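The values are calculated or read from the model by the stated rules, or taken from the named source; none is laboratory data. Only a predicted model underlies this, so the values are computations on that prediction, with no experimental measurement involved. Cβ sites come from the backbone with ideal geometry, for glycine too, and all protein chains shown count toward neighbours. Each accessible area value is taken on the protein alone, full model and side chains, heavy atoms only, with ligands, DNA and RNA left out. Shrake-Rupley method; radii C 1.70, N 1.55, O 1.52, S 1.80 Å.
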Amino acid sequence: MAFPANRMRRLRRTETLRTLVRETRLTPESLVYPLFICPGTGVRKEVRSMPGVFNLSIDEAVKEVRQTRALGVLSVILFGLPEKKDEVATGAWAEDGIVQRAARAIKSEVRDVVVMGDVCLCEYMSHGHCGIVKMNERAEPQSLGAAAAAPPVTAEYEIVNDASLELLARTSVSLARSGVDVIAPSDMMDGRVGAIRAALDGAGFENTPILSYAAKFSSGFYGPFREAADSAPQFGDRRSYQMDPANVREAMREIELDIEEGADMIMVKPAMPYLDVIAEARNRFDLPLAAYQVSGEYAMIEAAARNQWIDRERVMMEALISIRRAGASMILTYYAKEAAKLLA
Ligand code: PBG
């Protein structure tokens, strides 16, 4: 049957009709709120490139979680800004680490909140990489001449995979011990889900789930986060461990391997530039699927809105519903609190 029997506009006539036939819904329960925990008390320091996002001391974070939870957001994910950084990421796995202390405070003061712990080393490493760094000796040219012009065969540095696993596993156990409910590794080392699963089980945390940042792309959209978490690499970039933005089949393979290693939930990150990856993951896998609307996605909306080039609330909600429509069951977003308010 064609026009005029068919008229698509019939069901768009009123807001009630539109709501009735809406295919995808956004609910506060599907949002996860990222928090950046810093030392001190009474600290609320706004991140320059992320207006409305703050570095929070533990006491302020507790208040923030209480408010967000009251709005129906069930979960937060914690990132830490340690007092000191070193070459073995001590701040990530120390019993009195900043995230460990924050998790204890939040779990004891706010009821029924799911606390996720981002597991990565970059915020705690003096060099800002997500694993242990090995500097390689540069092959010195033997003589001046043809050989001198040849580029070095080995890279100047390497992020060592296997040695980093032990630190990631240690960090995960330490977070679980401090009350973190979900371990979320974002480092992109190979084999980390398996290593973390084994370490958690060995320490008696066989019931602690893993949300794996399975398909995490090496993205320019992380720029503002690196300011927020003070985690920019001091040299080089993350292309040797995070994924190439051009690859979707490889993303499926990453996810598959993480599931084999024991991931309970999987994540695609960033979100809006990778909606096809989310959709493909949703089609192929039946685990709960999260997507991370990252700092750059947030910052772009904020910047355009400040210039009055877009309607901020409208674009924020449209971006979030698009991520849901693509297939994400959960969205990690800096808009969690605000979106929940609008949805109330
Ligand atoms: C840590 C980590 C990053 C993000 C989450 N965990 C940054 C990175 O990989 O450089 C990005 C989050 C965001 O941009 O909002 N590795």
Nearest-10 value in Å² for the accessible area of residue 287, using the 1.4 Å probe: 40
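Would you compute, from DSSP H runs of 4+ residues alone, the mean residue ellipticity of the chain at 222 nm, taking -39500 (n - 2.57) per run and dividing by the full residue count, rounded to the nearest 500?
So the calculated ellipticity at 222 nm is -11000 deg cm²/dmol.
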Largest-first principal axis extents of the Cα set of the chain (Å): 82, 54, 43
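Loop only per DSSP, at most 11 neighbouring Cβ atoms within 10 Å: give me the chymotrypsin sites (Phe, Trp or Tyr not before Pro) in region 162-239, ordered by residue number.
Details: sites: 205, 213, 217, 221, 222, 225, 235; in loops: 205, 235.
Here the chymotrypsin sites (Phe, Trp or Tyr not before Pro) that fit, given the DSSP loop and packing criteria, are 235.
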P(r) weight above 22 Å for region 1-151, C-alpha pairs, percent: 60
Per residue accessible area in Å² of the chain, where ligands, DNA and RNA are left out and the probe is 1.4 Å: 49
Protein accessible area in the chain, 1.4 Å probe - carbon and sulfur %: 52
Cross-link table 269/337; 85/134; 45/216; 107/216; 107/341; 85/337, entries beyond 26 Å C-alpha to C-alpha: 45/216; 107/216; 85/337
Dipole magnitude (debye, nearest 20) for the chain, charges at Cβ of Lys, Arg, Asp, Glu: 1940
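Find me the longest stretch of the chain that has none of the exposed GluC sites (Glu not before Pro), where exposed means in a DSSP loop (not H, G, I, E or B) with at most 16 other Cβ atoms within 10 Å.
Values: sites that count: 23, 83, 87, 95, 137, 156, 206.
It works out to 207-344.
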Given 13 as the ceiling on other Cβ atoms within 10 Å, longest exposed-site-free region of the chain for trypsin sites (Lys or Arg not before Pro) in DSSP loops: 240-344
